Each structure stands twice: as C-alpha cells, then as structure tokens.
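**Student:** Take a look at this one; I'll ask things after.
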Amino acid sequence: MSAFDSDYLRISYRPDLHVLFMRWTRPATSAEHRAGYLSALQLAEEQQARQWLIDLRSRGLADVADLHWILQEFAAAFQQALPGPERRLAYFTTPYYAEVLEPRLAQFNNSGSGLAIRVFTEEMPAYDWLRTGR
C-alpha cells in the first residue's frame, strides 16, 4: 500500500511486517524533509505503525537543524499520535553516512522521547531490530 509517492520520497506500510517504509529517492530540502515525516506520521497513525524503516541511501543525511527537529518536535508528535511503548526508527544507510549519523544521534541524546533510533547498513538486521527490539 503506497500512501505517498513523490519525486523525492515513497511512503508505504506493510501490514504483514507491521513496518512503515520511508524510501527517500533523492536529496530533499528542509521543507520536503519535514513534510515527508509528517506525511509518514499520518499514515502511521492510521495503521498504528510504531516501527519504521527509513532508507537514506539515495538521500544522504539531513542537516543538523532537521535532525534536531526529528528528535524534538517530531518525536513529540509521534508520541502524541501513537502513545505507548516501542516506537522505533531504523535508519538504513551507507557505511559512510552511518559513521556520521551515529555520533550526531548520540550528541542530541533523545532519551525521554520514547523514540528508539538505530542506524543500520544492512536491511535484514534493521527488520530484526524493528520486530524484536534486539
């Protein structure tokens, strides 16, 4: 089920996996970035999707201000839309971007947001973590 399809992002939900997919297809502006996350949140709320796989391989990383927006404002909106435990975002990216993203995430320390975020360079371990939390 595709819920959002543009030249920069495809959003879909797989009920068999209970996973919402965000697949960025090119670098996005800050406005596109935020609109994409908010569109995904709308679908997540409809489907009660608390586990997301976000494919950044074609997009690259958001700038620091947009990452901060995700960890603060978006995390709060996610908590409000889907209260309860086990909200997980798995970032699927290249090894180079993983090395850049992991320290950025640690720097902002989003503990208390109720949003678990991990970075993966392979898709199967990301699915396993989304499914089990381990």
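The values are calculated or read from the model by the stated rules, or taken from the named source; none is laboratory data. As the structure is a computational prediction, the values presented were derived from the model and not from experiment. No Cβ is skipped: glycine too gets one built from the backbone with ideal geometry, and neighbour counts run over all protein chains shown.
**Student:** Report yes if some residue within segment 74-91 is among the aromatic types (F, W, Y), outside any loop (DSSP other than H, G, I, E, B) and closer than 20 Å to H18 by Cα; otherwise report no. Working first, answer last.
**Tutor:** Of segment 74-91, the ones among the aromatic types (F, W, Y) are 74, 78, 91.
Next, only the ones that are outside any loop (DSSP other than H, G, I, E, B) stay: 74, 78, 91.
Checking which are closer than 20 Å to H18 by Cα leaves us with 78, 91.
Within segment 74-91 (the criterion being among the aromatic types (F, W, Y), outside any loop (DSSP other than H, G, I, E, B) and closer than 20 Å to H18 by Cα), the answer is yes, since at least one residue qualifies.
**Student:** Just wondering, is there one or more residues in segment 93-101 that are within 12 Å of the chain's Cα centre (by Cα) and within 15 Å of Y13 (Cβ to Cβ)?
**Tutor:** No, segment 93-101 has no match at all.
This table checks each residue for (1) of a type in the set (F, W, Y); (2) more than 18 Å from A116 (Cβ to Cβ); (3) in contact with a helix residue (DSSP H, G or I) (Cβ under 8 Å, 6 or more places away or on another chain); (4) modelled with pLDDT under 90.
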position	(1), (2), (3), (4)
D66	no, yes, yes, no
Q80	no, no, no, no
R88	no, no, yes, no
Y96	yes, yes, no, no
E99	no, yes, no, no
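**Student:** From the list A62, A49, which one is in contact with a helix residue (DSSP H, G or I) (Cβ under 6 Å, 6 or more places away or on another chain) and within 26 Å of D128 (Cβ to Cβ)?
**Tutor:** Just one listed residue meets the conditions, A62.
**Student:** Sticking with this structure for a sec: Just need a number here: residues in segment 15-59 that are assigned to a loop (DSSP other than H, G, I, E, B), of a type in the set (V, I, T) and crowded, with 19+ Cβ neighbours inside 10 Å. Spell out how you get there, then give the answer.
**Tutor:** Here is the first cut: in segment 15-59, the residues assigned to a loop (DSSP other than H, G, I, E, B) are 15-18, 25-29, 48-50, 56-59.
If we keep only those that are of a type in the set (V, I, T) too, we end up with 25, 29.
Next, only the ones that are crowded, with 19+ Cβ neighbours inside 10 Å stay: none.
The total comes to 0.
**Student:** I would also like to ask the following. Would you confirm whether any residue within segment 60-81 is surrounded by fewer than 18 Cβ atoms within 10 Å (Cβ to Cβ), within 24 Å of P125 (Cβ to Cβ) and of a type in the set (D, E, K, R)?
**Tutor:** Checked segment 60-81: no residue is surrounded by fewer than 18 Cβ atoms within 10 Å (Cβ to Cβ), within 24 Å of P125 (Cβ to Cβ) and of a type in the set (D, E, K, R).
**Student:** Give me the pairs, please: first residue somewhere in segment 23-48 and over 20 Å from R87 (Cα atoms) and touching a residue at least 24 places away in the same chain (Cβ under 8 Å), second residue anywhere and assigned to a helix (DSSP H, G or I) and of a type in the set (D, E, K, R), beta-carbon distance under 7 Å, and either six or more positions apart or on two chains.
**Tutor:** Here the result reads S30/D66, each pair linking segment 23-48 to a residue that is assigned to a helix (DSSP H, G or I) and of a type in the set (D, E, K, R).
**Student:** Then there is this: Looking for something within 24 Å of D128 (Cα to Cα) and modelled with pLDDT of 95 or more - is there at least one such residue anywhere in segment 26-36?
**Tutor:** Checking segment 26-36: not a single residue is within 24 Å of D128 (Cα to Cα) and modelled with pLDDT of 95 or more.
**Student:** Since R104 meets every condition but one in (1) assigned to a loop (DSSP other than H, G, I, E, B); (2) over 14 Å from the mean Cα position of the chain (by Cα), which condition does it not meet?
**Tutor:** Only one criterion in (1) assigned to a loop (DSSP other than H, G, I, E, B); (2) over 14 Å from the mean Cα position of the chain (by Cα) is unmet by R104, namely (1).
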